[in-house]
Amino acid sequence: VYNGPIYLSQVDRRVSEKLWRSGRDPEKIKEAEMKILRWVALDDLISEAIMRVKVRVNIEDARVSTAEVDAEVARFEKRFESPGELDKAMAAQGIESREELRLRLNARLEQEKYVLSKIKTSTTVSDKESKLWYDEHKKELTTPERRSVRHIFLATLDHPSDEAKAKLQEQLNLIKAGKGKFPDIAKAVSEDARTKNTGGNLGWMRKDRLPGDFAASAFLIAINTPTLVRTKLGWHIIEVTGIKEPELPSYEAMKEDIATAISNSRRQEAVDQYKHQLRLLNHDHVDIYKKVLE
């Protein structure tokens, strides 16, 4: 590439690195797949070599600060549980020292910054585009109705259904007559170990995240109206203590996040397209010795 060599050992190391990252054993890779992996590795190395040339020539568009490199090194090191694990990983990837690791990460950052400088206009998102996306996705953006629910529960697995129903009906009558408080009865009677000591509170709930038979009742009964309900698990006294209507966040509150999401979705496509064009434009500066590779 531009008269600079890519060695066969680099190709094999790149293949080994990719197999290591995916947890695959090189000894178990069939010959036909290994040939494909080597060609893919070579292709990546050629693109990176072209990019290095472009960055070197246009370094002012790609310069990174010491702080940026420090942060990238720190992020890389956090992936490993100990310095020993890091050294082992570096050795597997042919990195001989921490200084070489730093130089490689610095080069990668420069390449990323250079590419981003070239595709900036492709990932720019106008306010009109963001607003159109918002209008087309209002349904997905709307938080559905939520209800604050509490319950007292008896399982029919442990009790005859009629007995469980009668016992809860008796407790419901006490609640309605003001002779018993919901939290106290939940603590004394409920068989839901997770909620009985917190007044039977299930918290704020969405219909689509509840079992169907429970949701059908919880999202029909009126607020502050404890009701006896049967589900496939047993009998419940269910009370809705609060209701939050469906809510759509305003465009102003979401436009920054929307623009970022659209830009990110475009970025990888733009990067791939730019690298492909770069490869085509520099085709005459690449010589591949196929017999050596195969």
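Data for the structure
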read-out: Residue in the stretch 153-163 that is closer than 30 Å to Ala270 by Cβ, small (Gly, Ala, Ser) and in contact with an Asp or Glu (Cβ under 7 Å, 6 or more places away or on another chain) present; value: no
read-out: Filter result (open to solvent by less than 60 Å² (accessible area, probe 1.4 Å) and either of a type in the set (Val, Ile, Thr) or farther than 14 Å from Gly234 by Cβ (or both)) within the stretch 184-195; value: Ile185, Ala186, Val189, Thr195
read-out: Residue tally, condition at pLDDT 95 or above, outside any loop (DSSP other than H, G, I, E, B) and of a type in the set (Ser, Thr, Tyr), over the stretch 202-230; value: 1
read-out: Residue in the stretch 24-34 that is in contact (Cβ under 8 Å) with a residue 40 or more places away in the chain and open to solvent by 70 Å² or more (accessible area, probe 1.4 Å) present; value: no
read-out: Residue count, the stretch 103-160 (criterion: over 30 Å from Trp235 (Cα atoms), touching a residue at least 12 places away in the same chain (Cβ under 8 Å) and outside any helix (DSSP H, G or I)); value: 3
read-out: Hey, Asp287 open to solvent by 80 Å² or more (accessible area, probe 1.4 Å) and outside any helix (DSSP H, G or I) or not; value: yes
read-out: Qualifying positions in the stretch 1-16 - within 21 Å of Val115 (Cβ to Cβ) and either modelled with pLDDT under 90 or open to solvent by 70 Å² or more (accessible area, probe 1.4 Å) (or both); value: Tyr2, Arg14
read-out: Of residues in the stretch 274-286 being of a type outside the set (A, V, I, L, M) and in contact (Cβ under 8 Å) with a residue 24 or more places away in the chain, the one farthest from Ile119 (Cα to Cα); value: His285
read-out: Given (1) within 30 Å of Pro226 (Cα to Cα); (2) in a helix (DSSP H, G or I); (3) modelled with pLDDT under 95; (4) not small (Gly, Ala, Ser), number of the condition Lys187 does not satisfy; value: (3)
read-out: Residue in the stretch 55-72 that is farther than 24 Å from Lys88 by Cβ, more than 30 Å from the chain's Cα centre (by Cα) and among the acidic types (Asp, Glu) present; value: yes
read-out: Filtered residues of the stretch 92-102 (kept if open to solvent by less than 70 Å² (accessible area, probe 1.4 Å), assigned to a helix (DSSP H, G or I) and free of Cβ contacts under 8 Å to residues at least 12 places away in the same chain); value: Glu100
read-out: Selection status of Ala89, in a helix (DSSP H, G or I), out of contact with any helix residue (DSSP H, G or I) (no Cβ under 8 Å at 6 or more places or on another chain), open to solvent by less than 30 Å² (accessible area, probe 1.4 Å) and not polar (S, T, N, Q); value: yes
read-out: Test for Ala41: is it in contact (Cβ under 8 Å) with a residue 24 or more places away in the chain, within 17 Å of Gln93 (Cβ to Cβ) and open to solvent by less than 30 Å² (accessible area, probe 1.4 Å); value: yes
read-out: Of all residues making up the stretch 231-252, the number that are farther than 30 Å from Trp133 by Cβ and either out of contact with any strand residue (DSSP E or B) (no Cβ under 8 Å at 6 or more places or on another chain) or surrounded by fewer than 13 Cβ atoms within 10 Å (Cβ to Cβ) (or both); value: 3
read-out: In the stretch 200-227, the residues that are of a type outside the set (Ser, Thr, Tyr), surrounded by 15 or more Cβ atoms within 10 Å (Cβ to Cβ) and touching a strand residue (DSSP E or B) at 6+ places or on another chain (Cβ under 6 Å); value: Gly200, Asn201, Leu202, Met205, Ala218, Ile221, Pro226
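Here is a yes/no grid of residues against (1) at pLDDT 90 or above; (2) over 29 Å from Ala259 (Cβ atoms); (3) touching a Gly at 6+ places or on another chain (Cβ under 9 Å):
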| site | (1), (2), (3) |
| --- | --- |
| Val73 | yes, yes, no |
| Phe80 | no, yes, no |
| Asp87 | no, yes, no |
| Ile95 | no, yes, no |
| Gln111 | no, no, no |
| Glu129 | yes, no, no |
| Leu141 | yes, no, no |
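The values are calculated or read from the model by the stated rules, or taken from the named source; none is laboratory data. For clarity, every value in this text was computed on a predicted model and none was experimentally measured. All Cβ positions, even for glycine, are placed from backbone atoms using ideal geometry, and neighbour counts span all protein chains on display. All accessible areas refer to the heavy atoms of the entire protein, side chains included, with ligands and DNA or RNA removed. Shrake-Rupley method; radii C 1.70, N 1.55, O 1.52, S 1.80 Å.
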